[in-house]
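Asker: Got a structure for you, written out below as structure tokens; questions coming shortly.
The values are calculated or read from the model by the stated rules, or taken from the named source; none is laboratory data. Computed from a prediction, not measured in an experiment: that's the story for all the values here. Heads up, the Cβs are rebuilt from the backbone with ideal geometry, glycines too, and the neighbour counts pull from every protein chain shown. Heavy atoms of the whole protein, side chains included, go into the accessibility calculation; ligands, DNA and RNA do not. Shrake-Rupley method; radii C 1.70, N 1.55, O 1.52, S 1.80 Å.
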Amino acid sequence: MTSRPELATDADLARGAGALALFVVLAGAFLVADFGSAAWFPADASMTEGIGYALIGLAGETPLLSNGFLAAFEVVDIVLVAAVVAAVTLARRDGGER
Amino acid sequence: MAGSLVTAIPLVPFAAFLVALLVGHYAPRALPRGGALPGIAATAISLVLSVWAFLTVGAGGATISRVWTWVPAATDSFALTFGVLVDPLSALMVVIVSGVSLLVHVFSLGYMNDEGETGLPRYYAGLGLFTASMLAFALASNLLQAFVFFELVGFCSWWLIGHWFREEGPASAAKKAFLVTRFGDYFLLVGLVGVLGTFGTAAFAGAESFPALAHAALEGEASVNTFGVDPATWFTTLGLLILGGVIGKSAQFPLQTWLPDAMEGPTPVSALIHAATMVAAGVYLVARLYGFYALTPTVLTVIALVGGFTALFAATMALVKREIKQVLAYSTISQYGYIMLGLGSGGYVAGVFHLLTHATFKALLFLGAGAVIIAMHHDEDMWKMGGLKERMPTVYWAFLSGSLALAGIVPFAGFWSKDAVLHHALTVGLGGQPLVLVAYLMGLVAVAFTGFYTFRMVFLTFHGEPRSETARNADTASANMRVPVAILGVLAAVVGLVNVDPLKGVVGERLLFLERWLNGPLPGIAGATAEHYHELVVDVAGFHGATVSPVVSAVVSLVFALAGVALAWTWYHVPEPVEKTDALGPAKTILYNNYYQDEFQTWLATGVTEPLANAVDVFDASVVDGVVNGVSSTSLVASDRLRRVQTGVVTTYTTQLVFGLVVLLLIVLLLGGWF
Amino acid sequence: MVPLQYYLLFSAAMFCIGVFGVLARRNALVYLMSVELMLNAANVVFVASSAQYGTISGQVFSLFTMALAAAEVAVGVGIVLVAYRKFKDIDITKPTSMRW
């Protein structure tokens, strides 16, 4: 069945006022703050190279400042595997296909 | 030594009580004569010990000793103790109590055992406990101890009146006796607490006793806590409160309604408790506290008025009674009125004297009536008796002796003592106390009534022709009933000679034995002599005596008594007497119904107290319970509303989260000074 | 570079649009898309801050959040599938049995 996209009229706008209130508060907080001028990156450094080195824990190889993210890299790896397994498990129940 | 042997006086009958109760319950066959023999043995031992104590006191050995400390004294507070006070008054009382109790125990062999009554161990246990309590009460050294035993004798009265509890009458009468006396005892308890709070001690005698402290306080030499009220007024209040218990226990107006109904109990019980000893507990308390009462002229006047009024009031009701024990019951109420009149007008010796003689002749009259009742097979109606003089001679002569004493005919006991009371009331009344004079006049009129109803009783019971089959076939009383009656008959004739007040001018003061006894040697117990009380009455209470010759007063009361006797002779000393009560007209109904006092008191309970109690109950259930229930229902309603927050819809929860976050952010930003 | 406030404002707007979707929409899949939007708003802040303070940690960390967002959506779609099997509808206001 095809149908054209329609504006969602079953949205509960009263609850949505909470989102508006949150935006007002956040905007108020941000606009008042003073952050100073931006410290940009060195002109001749390669960004992607720097990100790559940071990911595998060799943050000292690049002139850009960074922390090491090796442990986080490994953990996210495991999380992604777990997510795939979970999604497949959930989809398989009640006689789902292999 | 002296202390411990004196302590045995109440303990021996208590042991008899335990024996009768326990052996009678667990091994009834092992109990000889249903518990009578242990009781007789115990009261005999008590009598011997009492006489020994009496003689010791006479030789100058009066003592106060502490036996047991109930509540030890804390800092800033006083101790509650139990002790023994042996002085002339208490020694006299224990002799009277143990003597009458012994005679009643012997009489009960004939009244209860020989008639095949059941429940004898219960009966003798009750008599034993009563004797023990009354003796302990007489020997009490302070008001708290006296109160404890006061209540205990009240309990024994309930127990013994309700001996035949399976019938409705005795059970109800027992309850009535207990409740009416309890009502008075409530005031006594309040007074006791007041005394303890004011003086810090409730001791009767000695330098540290509260009468001594009260006297010192009135003289300004000591200070006691009178709660901001003038001392004289406060002591009057305490005296009146204690008087409440006295009025209840001694069956004075308005708490006299229980005594006639108490005649539902066995006659030996009536003789012991409701004639000679328990009702004496009230007036004994007044005598014991005389050092305190002598300081308060208002209370003394109240005592005298109550006594005089009760004497007249009860005597009028005794005029129309048909049952022999009822006449004697009203006579008891009336005679205790005389004792109160004597004590209230400042005549300590006179009051105690009448107490002594009354115990003798009233116990005699009740025991004699008991013998008659047994002969008439428990029919008490005097109009069915008659002619018993020939069939029961011993009982008749003893009864006559007692009746002459009661009516106050010279030289029998009642004449000397009643005349002492009336003379004292007359002198004080003429000496500037008009209310006491009014009480004297009431007492004087009652003398005539007393003579009349006493001899109406004698003539209807013993003289004339027998008016029923039972009277015709009446047997003479058995030996164990005749012996106590005979002993008391002799005593009633002679005991008055211990204090021949009217003949003082002739024979000198040496022969006023009772007065000398009550003044007796008291090393260590100052302030408990009759002389000291007399001083207090004259100096502190202001009761001065006018000079009236005792002989004149004696002759006046004797004339009144003889007038009453003469009228009774005319109407009833005939072979076939008839009822004359209709001549009273409308007064007859009122007197028959005891001035409707019973109905009035029942109305007070059901018509006044019960609705009030119901109203208070409604208040309690609706207001007090309402508040408590309201607290819980607030919590219940609030939680019922609050739980609807959990709707189960996810978006509701996230909405709540977001709104909460907004609020938190605002708070943190504003307080942190971000803006 | 544009001052940082504007990047933060833009991110707040994205985040609040996502919050609106989470609060007000009834379709479960739209709910998941709004969650994605919120996560991406956070990513914007990471990158903008990394330029403001001259360290590339922000950009590296945004990679991680993207990965986690993907994982979370995978599991989320699986849950929506199971819920559909039970309630026969992907309206998230339908399952209300865990309530008072």
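Asker: Suppose the filter is in a helix (DSSP H, G or I), within 10 Å of chain A (Cβ to nearest Cβ) and hydroxyl-bearing (Ser, Thr, Tyr); does residue C:84 pass it? Outline the logic, then answer.
Answerer: Working: in a helix (DSSP H, G or I): yes; within 10 Å of chain A (Cβ to nearest Cβ): no; hydroxyl-bearing (Ser, Thr, Tyr): yes.
Judged against the criteria, residue C:84 is not a match.
Asker: So, in region C:87-100, how many residues would count as being over 24 Å from the mean Cα position of the chain (by Cα) and more than 7 Å from chain B (Cβ to nearest Cβ)?
Answerer: The qualifying residues number 2.
Asker: Restrict the check to region B:209-230 and report whether at least one residue is over 20 Å from residue B:140 (Cα atoms), out of contact with any Phe, Trp or Tyr (no Cβ under 9 Å at 6 or more places or on another chain) and assigned to a helix (DSSP H, G or I).
Answerer: Scanning region B:209-230 turns up at least one residue that is over 20 Å from residue B:140 (Cα atoms), out of contact with any Phe, Trp or Tyr (no Cβ under 9 Å at 6 or more places or on another chain) and assigned to a helix (DSSP H, G or I).
Asker: Taking the residues in region A:82-98 that are facing chain C (nearest Cβ under 9 Å) and assigned to a loop (DSSP other than H, G, I, E, B) as candidates, determine which candidate is modelled with the lowest pLDDT. Steps first, please.
Answerer: Narrowing region A:82-98 to residues facing chain C (nearest Cβ under 9 Å): A:82-84, A:86-91, A:93-94, A:96.
Of the ones still in play, those that are also assigned to a loop (DSSP other than H, G, I, E, B) are A:93-94, A:96.
Working: A:93: 70, A:94: 63, A:96: 59.
Looking at residues that are facing chain C (nearest Cβ under 9 Å) and assigned to a loop (DSSP other than H, G, I, E, B), I get A:96.
Asker: Next question. Just one of the numbered conditions (1) within 8 Å of chain A (Cβ to nearest Cβ); (2) surrounded by 17 or more Cβ atoms within 10 Å (Cβ to Cβ) is not true of residue C:53; which one?
Answerer: Of everything listed in (1) within 8 Å of chain A (Cβ to nearest Cβ); (2) surrounded by 17 or more Cβ atoms within 10 Å (Cβ to Cβ), residue C:53 misses just condition (2).
Asker: Further, regarding this structure: How about region B:139-174: which of its residues are of a type in the set (D, E, K, R) and closer than 19 Å to residue B:258 by Cα?
Answerer: The answer is B:151, B:167, B:168.
Asker: Out of the residues in region B:653-662 that are at the interface with chain A (Cβ under 7 Å from one of its Cβ atoms) and β-branched (Val, Ile, Thr), state the one that is farthest from residue A:16 (Cα to Cα).
Answerer: So the residue we want is B:662.
Asker: Checking residue C:43 against (1) more than 15 Å from the chain's Cα centre (by Cα); (2) polar (S, T, N, Q); (3) open to solvent by less than 30 Å² (accessible area, probe 1.4 Å), only one condition comes out false. Which one?
Answerer: (1)
Asker: Condition first: more than 16 Å from residue B:280 (Cβ to Cβ), without any contact (Cβ under 8 Å) to a residue 40 or more places away in the chain, of a type outside the set (D, E, K, R) and assigned to a helix (DSSP H, G or I). Now tell me which residues in region B:149-170 satisfy that.
Answerer: B:155, B:158, B:159
Asker: Further question on the same structure: Please work out which residue is farthest from residue B:189 (Cα to Cα), limiting yourself to region B:216-240 and to residues that are of a type in the set (A, V, I, L, M, F, W, C) and open to solvent by 40 Å² or more (accessible area, probe 1.4 Å).
Answerer: Filtering region B:216-240 down to residues of a type in the set (A, V, I, L, M, F, W, C) leaves B:216-218, B:222, B:224, B:227, B:229, B:232, B:234-235, B:238, B:240.
Next cut, open to solvent by 40 Å² or more (accessible area, probe 1.4 Å) only: B:218, B:227, B:229, B:232, B:234, B:240.
On the way: B:218: 24, B:227: 18, B:229: 20, B:232: 20, B:234: 16, B:240: 12 Å.
Filtering first and then ranking leaves B:218.
Asker: Further question: Given the residues B:619, B:675, which is the only one that is among the aromatic types (Phe, Trp, Tyr), free of Cβ contacts under 8 Å to residues at least 60 places away in the same chain, away from chain C (no Cβ under 14 Å) and surrounded by fewer than 10 Cβ atoms within 10 Å (Cβ to Cβ)?
Answerer: Matching residue, one of B:619, B:675: B:675.
Asker: Is there a residue being under 28 Å from residue B:661 (Cβ atoms), at pLDDT below 85, open to solvent by 50 Å² or more (accessible area, probe 1.4 Å) and more than 7 Å from chain C (Cβ to nearest Cβ) anywhere in region A:58-81?
Answerer: Residues of region A:58-81 under 28 Å from residue B:661 (Cβ atoms): A:72, A:75-76, A:79.
Now narrow it down to the ones that are at pLDDT below 85: none.
No.
Asker: Looking only at region B:151-170, filter to residues that are touching a Gly at 6+ places or on another chain (Cβ under 7 Å) and hydrophobic (A, V, I, L, M, F, W, C); which one of those is surrounded by the most Cβ atoms within 10 Å (Cβ to Cβ)? Walk me through it before giving the result.
Answerer: So the first thing to find is which residues in region B:151-170 are touching a Gly at 6+ places or on another chain (Cβ under 7 Å), and the list is B:156, B:159-161, B:163, B:170.
Right, trim to hydrophobic (A, V, I, L, M, F, W, C) and you get B:156, B:159-161.
Working: B:156: 25, B:159: 21, B:160: 28, B:161: 31.
Going through the qualifying residues, I end up with B:161.
Asker: From the list B:640, B:598, pick out the single residue that is charged (D, E, K, R) and free of Cβ contacts under 8 Å to residues at least 40 places away in the same chain. Let's see the steps before the verdict.
Answerer: Values: B:598 fails: free of Cβ contacts under 8 Å to residues at least 40 places away in the same chain.
The match here is B:640.
Asker: Going through region A:11-46 one residue at a time, which ones are small (Gly, Ala, Ser), closer than 14 Å to residue B:659 by Cβ and within 7 Å of chain C (Cβ to nearest Cβ)? I'd like the intermediate steps shown before the answer.
Answerer: Taking region A:11-46 first, the residues small (Gly, Ala, Ser) are A:11, A:14, A:16-19, A:21, A:27-29, A:33, A:36-39, A:43, A:45-46.
Imposing the further condition that a residue be closer than 14 Å to residue B:659 by Cβ reduces the set to A:14, A:16-19, A:21.
If the condition is that a residue be small (Gly, Ala, Ser), closer than 14 Å to residue B:659 by Cβ and within 7 Å of chain C (Cβ to nearest Cβ), then A:16, A:18, A:19 are the ones that fit.
Asker: Given region B:345-410, what helices (runs of 4 or more DSSP H) lie entirely inside it while holding 2 or more residues that are under 10 Å from residue B:492 (Cα atoms)?
Answerer: B:348-375, B:393-407
Asker: Closer than 30 Å to residue B:416 by Cβ and among the β-branched types (Val, Ile, Thr): which single residue out of B:602, B:581, B:570, B:609 fits that description?
Answerer: B:570
Asker: Just one of (1) open to solvent by 10 Å² or more (accessible area, probe 1.4 Å); (2) without any contact (Cβ under 8 Å) to a residue 12 or more places away in the chain trips up residue C:24, so point out which.
Answerer: For residue C:24, the failing item is (1).
Asker: Which is part of a helix (DSSP H, G or I), among the aliphatic types (A, V, I, L, M), open to solvent by 80 Å² or more (accessible area, probe 1.4 Å) and within 13 Å of chain C (Cβ to nearest Cβ), of B:612, B:665, B:642, B:670?
Answerer: On inspection, the qualifying residue turns out to be B:642.
Asker: Restricting to region B:1-18, name every residue that is open to solvent by 60 Å² or more (accessible area, probe 1.4 Å) and at pLDDT 80 or above.
Answerer: B:5, B:11, B:14, B:18
Asker: Also, quick follow-up: Within region A:25-55, can you find the residues that are open to solvent by less than 90 Å² (accessible area, probe 1.4 Å) and of a type in the set (Val, Ile, Thr)?
Answerer: Matches in region A:25-55: A:25, A:32, A:51.
Condition check ((1) at pLDDT 85 or above; (2) closer than 17 Å to residue B:109 by Cα; (3) open to solvent by 60 Å² or more (accessible area, probe 1.4 Å)) across all residues:
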site	(1), (2), (3)
B:27	no, no, no
B:43	yes, yes, no
B:46	yes, no, no
B:53	yes, no, no
B:69	no, no, no
B:73	no, no, yes
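Asker: Please state which one of B:361, B:353 is in contact with a strand residue (DSSP E or B) (Cβ under 7 Å, 6 or more places away or on another chain), at pLDDT 90 or above and crowded, with 24+ Cβ neighbours inside 10 Å.
Answerer: B:353
Asker: Sticking with this one: Would you mention how many residues in region C:15-44 are farther than 22 Å from residue C:90 by Cα and either in contact with a strand residue (DSSP E or B) (Cβ under 7 Å, 6 or more places away or on another chain) or within 10 Å of chain A (Cβ to nearest Cβ) (or both)?
Answerer: Adding up the residues that qualify gives 2.
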